[in-house]
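Below is one structure, written out as structure tokens, with a few remarks after it.
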Amino acid sequence: MNESGTNGAEQSQGDGDRTSAIKLSVNDQVRQLDVDPRTSLLDALREHLRLSGTKKGCDHGQCGACTVLINGRRVYSCLTLAVMHEDDEITTIEGLDGIKGLHPMQRAFVEHDGFQCGYCTPGQICSAVGMLSEVAAGWPSHATADVASPRVELSDEEIRERMSGNICRCAAYPNIVAAIRDAADGGRA
């Protein structure tokens with residue numbers, strides 16, 4: 001009980017009506033939104049900007065379906081607040097594209113059948129793009145054989161470890177690994 005004799009859940013209705021005016025740079029477009037400051041980036045993308053490619057899977061950061069790129073780094077959009085990203089560049093699956101339509105990673109997923117139902121595919125693709133940037137920067141993972149080496153060898157084990165935060169309930173993992181390897185090799189596989 002507080003001083004007024006009510007518990008905290010019985011606050012005035014006006015307290016829940018506060019919104020924050022924010023500008024988000026999403027897929028190279030600046031968008032203005034009025035959101036509850038507690039709105040996750042995932043909900044801002046899906047519900048406010050109507051970008052339905054980013055999926056809501058677990059809403060707890062355990063499946064990776066909501067993975068987007070923020071300043072080139074992969075992030076679970078369900079675990080971060082939209083208001084935190086006003087000065088960031090956010091890229092969703094809708095913003096990944098190449099000179100000839102599909103991003104090379106998207107093309108590799110299609111060519112290697114790196115999806116079954118497709119629900120996790122946007123998160124898998126965004127995560128794979130971010131993961132290849134990490135590899136190019138020389139960031140080691142738990143599976144990296146020589147963490148002192150400035151170059152990370154991209155083995156299948158390395159790919160599986162780095163993609164372990166993205167779950168595919170249809171078990172398309174061998175094809176996902178093949179797609180990532182193909183994209184990493186410049187589509188020469």
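The values are calculated or read from the model by the stated rules, or taken from the named source; none is laboratory data. Since this is a predicted model, take the numbers as computed values, not measurements. Cβ sites come from the backbone with ideal geometry, for glycine too, and all protein chains shown count toward neighbours. SASA here: full protein model, heavy atoms, side chains in, ligands and nucleic acids out. Shrake-Rupley method; radii C 1.70, N 1.55, O 1.52, S 1.80 Å.
P(r) for the chain: what percent of alpha-carbon pairs falls in each 10 Å bin, starting at zero? Over the chain, the share of Cα pairs per 10 Å bin runs 9, 32, 30, 16, 7, 4, 1, 0 percent.
Applied to segment 65-80, the Karplus parametrisation 6.51 cos²θ - 1.76 cosθ + 1.60 on θ = phi - 60° returns per-residue 3J(HN,Hα) values of 4, 9, 4, 10, 9, 10, 6, x, 9, 6, 9, 6, 6, 6, 9, 10 Hz, with x for Gly and Pro.
Across segment 77-163, the relative contact order, built from alpha-carbon pairs under 8 Å that are at least six residues apart, equals 20 percent. The loop-placed trypsin sites (Lys or Arg not before Pro) in segment 137-189, going by DSSP, that have at most 12 neighbouring Cβ atoms within 10 Å of their Cβ come out as Arg151, Arg169, Arg188. Both the radius of gyration and Dmax for segment 40-118 are 13.0, 37 Å, in that order, over alpha-carbon atoms. Applying a length cut-off of 18 Å (Cα extent along the axis) and a mean Kyte-Doolittle floor of -0.5 to the DSSP H helices of the chain leaves 121-136. Quick one: among Cys63, Cys78, Cys117, which has the greatest mean-square fluctuation in a GNM of the chain with alpha-carbon springs under 10 angstrom? Of Cys63, Cys78, Cys117, the most mobile in the Gaussian network model is Cys117.
From the helices alone, meaning DSSP H stretches of at least four residues, give me the mean residue ellipticity at 222 nm for the chain, per-run term -39500 (n - 2.57), in deg cm²/dmol to the nearest 500.
Using -39500 (n - 2.57) per qualifying helix, the result is -7000 deg cm²/dmol.
Extension gain, Lys100-Ala171: 0.36 nm per intervening residue step, less the Cα-Cα distance, totals 22.6 nm. Each Cα pair under 8 Å and six or more residues apart adds its separation to the average, and for the chain the resulting relative contact order is 20 percent. Rolling a 1.4 Å probe across the protein heavy atoms gives the chain an accessible surface of 57 Å² per residue. Around the amide H of Asp36, modelled in the peptide plane, lie the amide H atoms of Ser20, all under 5 Å away and 5 or more residues distant in sequence or on another chain.
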